[in-house]
Amino acid sequence: MGTSGQTQPITTPNLQFGGCEPIAKIIEGDRHWASLSKVCKSAQINPEPGGTVEVFCYLRGSILQVSAGTIGAQCLPFSARERSGCSLQNEHNCINIKGPNDDPDVPKLITPYGVTSINPRPMLSWATTPGASSYIVQVEGIGVSWSLSVPNTQLPYPKDQPGLQAGNVYDVNIIAKRGEKFIAGQSILLLLPEDRAQQVATTIKRLQTLQESPDELAIDMDAVYNAQGLIDESIVVLSARTKVSSQNPAIYRLLGERYLQGNSVFAASSAYKSAIVLAQKVNNPDELALAEAGSKIAAIAQSQLLPTRIKPAQ
């Protein structure tokens, strides 16, 4: 309390040191927490009488108006997402282990990274099949059915073809032609449903109004995209910060995590190495531990990688 009897906002310490990892950010409206404070799950919400506190939940990637309770009770992760994808807690999902019946020459989709997309006309790229002279790309699903032959491993979505429709799943077949032999690989893409896409857009717009540093905004935007499985969008946002030489190790560490989720282990390894160097430079032991753990996962994945997987363009 201050001398006037009014509760004073408190500052935000680094809550990871010797404590817990922040799971949310107080945007405004709390009597105790200053605006943009990062808080752990045990933190109590303290709105004005009859009011609410605006909270950004990292695990949900969404903004809530909260009237009471603890952060942990309000910011639970999406149950369907809690164990999906690659993370330091679920590293078995990060690694593609070669099976006995895998054909190492099957062309595998690289981009869009992940399964879910918000872009109805994504850039398609895939790993090279040694000796292939050309590739056939087929996309099939509701409202979409086309096939094109291309000489390389990249194809912008054709302008003369209908785009993917929100909420639908599409088959993406990449067929490599090598001599008289055809080698086919199959992937799927889900275009995010309209309501979830609108929620993402609204949340991003609100975050962009906050007085945050570019790095902090990128980290928050990554949380929004990652909660919806939009790995491509996360990689774009985080990569933009690396291109201007961000000195925040969290940017590179998160980029490593997203590349792992997108099964791009060479890029993940490179990002983690940068995160480790920066974490040591700024003396951040928490980020250093996370980056080193991620780097070990990437190294395991890289050692068990199919021989045709290529390093994607940065």
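Structure notes:
- Charged-residue dipole, Cβ positions (Lys, Arg, Asp, Glu), region 153-270 about Cα centre, Debye nearest 20: 380 debye
- In percent, rounded to a whole number, the relative contact order of region 122-198 is 32, using alpha-carbon pairs under 8 Å and six or more apart.
- Karplus 3J(HN,Hα) series, Hz, for region 176-191 with 6.51 cos²θ - 1.76 cosθ + 1.60 (x for Gly, Pro): 8, 9, 10, x, 9, 9, 10, 10, 10, x, 10, 9, 10, 10, 10, 8
- Note, ³J(HN,Hα) from phi for region 114-128, Karplus 6.51, -1.76, 1.60, rounded to Hz, x at Gly and Pro: x, 9, 9, 9, 10, 9, x, 9, x, 6, 9, 9, 8, 6, 5
- Amide H contacts for GLY114 (H built 1.01 Å from N in the peptide plane; partners 5 or more residues away or on another chain; cut-off under 5 Å): none found.
- For the pair LEU148 and LYS281 in one chain, pulling the backbone fully straight at 0.36 nm per residue adds 43.0 nm over the alpha carbon distance.
- Taking amide H atoms as placed 1.01 Å from N in the peptide plane, the amide H of ILE23 lies under 5 Å from those of VAL39, CYS40, LYS41, each 5 or more residues away in sequence or on another chain.
- Hypothetical label at ASN173: residues of region 130-147 whose amide nitrogen lies under 18 Å (7 Å Cα-Cβ projection): 134-147
- Taking each of LYS25/LYS205; LYS38/LYS281; LYS205/LYS273 in turn, the alpha-carbon distance tops 21 angstrom for LYS38/LYS281; LYS205/LYS273.
- Taking amide H as placed 1.01 Å from N in the peptide plane, the amide H of SER62 sits under 5 Å from that of CYS57, each at least 5 places away or on another chain.
- Per-residue Karplus couplings for region 35-52, computed as 6.51 cos²θ - 1.76 cosθ + 1.60 with θ equal to phi - 60°, are listed in order as 4, 6, 5, 8, 10, 8, 5, 7, 5, 8, 7, 10, x, 5, x, x, x, 9 Hz, Gly and Pro entered as x.
- For LYS177, the lysines whose Cα comes closer than 20 Å to its Cα, not counting residues fewer than 8 places off in the same chain, are LYS108.
All of the numbers you see were taken from the coordinates with simple rules; none came from a lab. A quick note: this is a predicted structure, and the numbers were derived from the prediction, not measured. Because the Cβ atoms are built from the backbone with ideal geometry, glycine has one as well, and the counts that use them run over all protein chains shown.
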